[in-house]
């Protein structure tokens, strides 16, 4: 565990120009990545696989679970730290401020000036294989009020190089909220991949 994460961290927004070389690439992927396979699970949702860049997402409505996978061009340690280091989170998730203390029983606040604060508590920490935390949006994010869900991240080193990251998000009240969260995660995860690509290239 990064020693800098053992105490609360506060920082302002970092420059987003680091992602600029990948912005057009990311936009093109988002426009052209039409689903190539779909299977109806129930009347409320479907499963969608997106093979470009080794990405996939699914809604498992029987358990109200989102499963997303993404190949990342870095080691599991680097991929894990992108979620557990405040400066990294500021760069790819782009909140206005981050406060985090990465210890079991402690938590984080992701603060957007225009949207409010997303809060979470760390449930499991096993660097670099696994990170589990709760996810609580601001109260005004839902007409029925916000509620806590659970996010589980795993990082698997690939024989071919890089990391397979899995995001499992569970605890939704209904399929509509689950679908909305899937759509919210998708661009953020590809911003993460673009950020890690540029960070890797900058280090060469």
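What the table shows:
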item	result
Count - residues of region 136-153 that are under 18 Å from residue 104 (Cα atoms) and crowded, with 19+ Cβ neighbours inside 10 Å	3
Lone unmet requirement of (1) touching a strand residue (DSSP E or B) at 6+ places or on another chain (Cβ under 6 Å); (2) at pLDDT 65 or above; (3) within 17 Å of residue 191 (Cβ to Cβ) for residue 66	(3)
Qualifying residue in region 102-122 (condition: in contact with a helix residue (DSSP H, G or I) (Cβ under 6 Å, 6 or more places away or on another chain) and surrounded by 18 or more Cβ atoms within 10 Å (Cβ to Cβ))	yes
Wholly within region 90-204, strands (runs of 3 or more DSSP E) carrying at least 2 residues that are touching a residue at least 60 places away in the same chain (Cβ under 8 Å)	97-100, 149-157, 163-170
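The values are calculated or read from the model by the stated rules, or taken from the named source; none is laboratory data. Computed from a prediction, not measured in an experiment: that's the story for all the values here. Don't worry about glycine lacking a Cβ; one is built from the backbone with ideal geometry, like all the others, and counts go over all protein chains shown.
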